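In what follows, a structure is listed as structure tokens, so that the remarks can point back to it.
The values are calculated or read from the model by the stated rules, or taken from the named source; none is laboratory data. Because the structure is a prediction, the values reported are computed rather than measured. FYI the Cβ positions are ideal-geometry reconstructions off the backbone, even for glycines, and counts take in every protein chain you see.
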Amino acid sequence: MHGPASPGWLLVALCAATGAYCLLRMRSRVEEQRRTAGGEALMGFGMAAMAVPAAVAVPPRWAWLVYTAVFGAAAVRALWTARSDPHHVHHLMGALAMVYMAVTMAASPGHHAHHGGSGIPLVTGALLLYFTAYVLRSGARLLPLGSATAGSTRAVGWGDRPELSRACRLSMGIAMLAMLVTL
């Protein structure tokens with residue numbers, strides 16, 4: 001996950017900014033925004049921490065175990081909530097991908113996978129396929145389809161704008177792809 005420093009820092013900045021925006025979404029008046037924003041903030045900040053270049057800091061083995069526990073708990077929560085809200089299936093996949101990467105990092109020599117080949121190719125490939133499809137689908141959903149909302153006069157706060165939350169999900173999907181590719 002920890003390749004060259006410059007792309008690594010860009011990934012850290014992207015994930016941290018996404019996590020910060022998701023924290024702001026937790027203050028929304030829209031229940032759906034609040035419900036998903038916490039998990040997405042956790043994912044953004046977790047990905048930012050995991051993407052810190054290895055040249056700067058190599059986390060100790062216990063840190064990867066903490067990641068595993070935190071995202072394992074997030075996966076259980078997402079599994080529980082996915083029963084009533086299918087969007088949480090994606091949260092489940094994201095949490096499971098984070099658990100997989102943390103376990104792989106804990107098991108790899110030197111505790112970082114910048115040399116590649118550290119994961120199980122079949123699992124890594126399946127996650128890459130899932131997140132590639134998710135990114136393509138999310139990107140397509142951002143494309144304007146005409147003036148479907150032109151008749152709406154309701155004022156929406158910037159934290160409640162669905163296109164911003166979709167853009168955040170898209171950026172986290174792209175970041176997940178970048179992290180999985182270097183695994």
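Below is a table of values for the structure above.
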item: Only one of Val99, Val89 that is under 20 Å from Gly119 (Cβ atoms) and in a helix (DSSP H, G or I); result: Val99
item: Criterion violated by Ala37 - all others in (1) under 24 Å from Thr104 (Cβ atoms); (2) crowded, with 22+ Cβ neighbours inside 10 Å; (3) touching a Ser or Thr at 6+ places or on another chain (Cβ under 8 Å) satisfied; result: (1)
item: Test: residue in the range 72-82 that is at pLDDT below 90, on the phi < 0 side of the Ramachandran plot, in a loop (DSSP other than H, G, I, E, B) and out of contact with any His (no Cβ under 7 Å at 6 or more places or on another chain); result: no
item: Residue within the range 27-34 that is part of a helix (DSSP H, G or I), closer than 18 Å to Pro162 by Cβ and hydroxyl-bearing (Ser, Thr, Tyr) present; result: no
item: Long-range neighbours under 8 Å by Cβ, at least six apart or interchain, first residue touching a residue at least 40 places away in the same chain (Cβ under 8 Å) and closer than 13 Å to Tyr134 by Cα within the range 89-109, second basic (Lys, Arg) and crowded, with 19+ Cβ neighbours inside 10 Å; result: His90/Arg169
item: Qualifying residue in the range 54-71 (condition: aromatic (Phe, Trp, Tyr), surrounded by fewer than 20 Cβ atoms within 10 Å (Cβ to Cβ) and more than 16 Å from the chain's Cα centre (by Cα)); result: yes
item: Only listed residue being under 12 Å from the mean Cα position of the chain (by Cα), among the small types (Gly, Ala, Ser) and assigned to a helix (DSSP H, G or I), chosen from Gly125, Gly139, Gly44; result: Gly44
item: The range 118-133 residues that are under 10 Å from Leu180 (Cβ atoms), paired with ones that are among the small types (Gly, Ala, Ser) (beta carbon under 7 Å, 6 or more apart); result: Leu127/Ala97; Phe131/Gly173
item: Count of the range 40-69 residues which are under 18 Å from Met172 (Cα atoms) and not charged (D, E, K, R); result: 14
